[in-house]
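Notes follow once the structure below has been shown.
The values are calculated or read from the model by the stated rules, or taken from the named source; none is laboratory data. Nothing here was measured: the structure is a model prediction, and the numbers come from that model. Cβ placement follows ideal geometry from the backbone for every residue including glycine, while neighbour counts extend to all protein chains displayed.
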Amino acid sequence: MKPKPAIRTARQLENPICLPYDTVTAALRQGTIDTEHGLMRFGSNYTFLVSVQHEDVELLAIYKPRIGERPLWDFPDGTLCQREAAAWALADALGWWLVPPTVLREGTRGEGSLQAFIDHDPQRHYFNFEDKHEPQLHYLVVFDAITNNADRKGGHCLLDADDHIWGIDHGLTFNTAHKLRTVIWDYAGEPLPADIVADLEGLCGQLDESQSPAYRALHPLLSRNEIRATQTRVKRLLQAKTYPMPGPGPNRPWPAL
């Protein structure tokens, strides 16, 4: 397991700060959401930029209330915020620090997901990443496969000032039906690295144990069938030991960015 990265978030948009990963997680869980800075543009669901205050820490976060979710025909109503939190819980269980800390909690507009805002250049995204970023993308591709991510757009890959890639927008994940839609098919069919295989083997065992940290983190957020389907996807990757191939059905999100 790699060391947890520091998180480049912000007290205010013009004032980025760097905080320890666990400090940010504690602030999201226990802090006070005291200010809404406004509604984020272009989202399908209501998404707010808020300030969180905890002890001597103040940071920005992305708040997605359950009541602001647009109903979808293929996902149970009111569950997208839970899937956001479940994606972080799974990444955290794997020791893959590629999702900003995200919790499910009460906010100014009721229960919803609360995710650390990552300070980043919006002009940097998957489509203009460099070769040096490939090792991180290897993990992100596998993560999207096991979470069954139906919406990995290029703009959902943020790059911070430390060249760390963060994946965001995981509301359309963990469906029991095959939904994988992503712009990252560069490694399709190639062998999985040994360290990724080892991590997946550890996770597969945890998803069998109702008292394991991974299972306990996911159980309040996902149905048993969704957890079982996640384990099935892990087992298939372990059996193939290759990155997933596109299909069946649509395999790219729209728009791509």
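Worth a mention:
- Flag for ALA161 being more than 26 Å from PRO65 (Cβ to Cβ), at pLDDT below 95 and touching a strand residue (DSSP E or B) at 6+ places or on another chain (Cβ under 7 Å): yes
- LEU72 passes every criterion in (1) surrounded by fewer than 23 Cβ atoms within 10 Å (Cβ to Cβ); (2) at pLDDT 95 or above; (3) more than 12 Å from the chain's Cα centre (by Cα); (4) aliphatic (A, V, I, L, M) apart from (2).
- Residue within the stretch 198-208 that is at pLDDT 95 or above and touching a Gly at 6+ places or on another chain (Cβ under 8 Å) present: yes
- Answer from LEU222, LEU180 - the residue that is touching an Asp or Glu at 6+ places or on another chain (Cβ under 9 Å), surrounded by 20 or more Cβ atoms within 10 Å (Cβ to Cβ) and within 26 Å of LYS153 (Cβ to Cβ): LEU180
Conditions tested, residue by residue: (1) among the hydroxyl-bearing types (Ser, Thr, Tyr); (2) under 17 Å from the mean Cα position of the chain (by Cα); (3) part of a loop (DSSP other than H, G, I, E, B).
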site: PRO5; (1), (2), (3): no, yes, yes
site: ARG11; (1), (2), (3): no, no, no
site: THR23; (1), (2), (3): yes, no, no
site: ARG29; (1), (2), (3): no, yes, no
site: ILE33; (1), (2), (3): no, no, no
site: VAL50; (1), (2), (3): no, no, no
site: GLU58; (1), (2), (3): no, no, no
site: ALA61; (1), (2), (3): no, yes, no
site: LYS64; (1), (2), (3): no, yes, no
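- The residues of the stretch 66-96 that are under 16 Å from ASN149 (Cβ atoms), in a helix (DSSP H, G or I) and among the aliphatic types (A, V, I, L, M), listed by number, are LEU80, ALA85, ALA86, ALA87, ALA89, LEU90, ALA91, LEU94.
- Residue in the stretch 70-90 that is among the basic types (Lys, Arg), farther than 22 Å from LEU257 by Cβ, in contact (Cβ under 8 Å) with a residue 24 or more places away in the chain and touching a Leu at 6+ places or on another chain (Cβ under 8 Å) present: no
Every residue, every condition in (1) charged (D, E, K, R); (2) in contact with a Leu (Cβ under 6 Å, 6 or more places away or on another chain), yes or no:
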site: ASP131; (1), (2): yes, no
site: HIS138; (1), (2): no, no
site: ALA150; (1), (2): no, yes
site: ASP160; (1), (2): yes, no
site: ASP163; (1), (2): yes, no
site: ARG181; (1), (2): yes, no
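- Spans of helices (runs of 4 or more DSSP H) in the stretch 142-257 with at least 3 residues small (Gly, Ala, Ser) and free of Cβ contacts under 8 Å to residues at least 24 places away in the same chain: 194-206
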